[in-house]
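Working notes, structure below.
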Amino acid sequence: MGAQGSTTVNFGAIPGTNHVTAAVTGQATIIAGSHVEAFIQGNDSTADHNVYEHSTVLPQYISFSVSDVVAGTGFTINAFTELRLTGLVACRWVWN
């Protein structure tokens, strides 16, 4: 049994940053060995980045990793970029 959902990562205001995290909680059935993936979905948008940026630009510059999987609780999504990005970016996740 798994789950899927979305969250946002916030690179902040100018001058931005290159590493941010988002905690995903409320995952009562997740186990310590669960495989979790995080990614940008092309049809998402936020107040700071439109659908075009989510589908074409941002996936080229942001990579995700997942850490701190806690059984019965959730996990942490880490977003990395070589740039100093700003603003909110939509992030989808799925685990099984």
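Bear in mind that the values in this text are calculations on the coordinates, not laboratory data. Predicted model, so just to flag it, every value in this text is computed and none were measured. Cβ atoms come from the backbone with ideal geometry, glycine included; neighbour counts cover every protein chain shown.
Some notes on this structure:
- Most fluctuating residue given options Gly33, Gly74, Gly42, as computed from a GNM of the chain linking Cα atoms under 10 Å: Gly33
- Distribution of pairwise C-alpha distances over the chain, 5 Å bins, in %: 3, 14, 26, 23, 16, 11, 6, 1, 0
- Of Thr21, Thr76, Thr46, the residue with the greatest mean-square motion in the GNM of the chain, using alpha carbon springs below 10 Å, is Thr46.
- Summing charges over neighbours of Cys91, with a neighbour being any other residue whose Cβ is under 12 Å away from its Cβ, gives -1 when K and R count +1 and D and E count -1.
- Max-minus-min Cα coordinates of region 1-56 on each principal axis give 37, 24, 16 Å, with the largest extent listed first.
- Think of each Lys and Arg Cβ as +1 and each Asp and Glu Cβ as -1; about the Cα centre, that makes the dipole of the chain roughly 80 debye.
- Contour minus Cα-Cα distance for His19 and Thr56 (0.36 nm per residue): 11.3 nm
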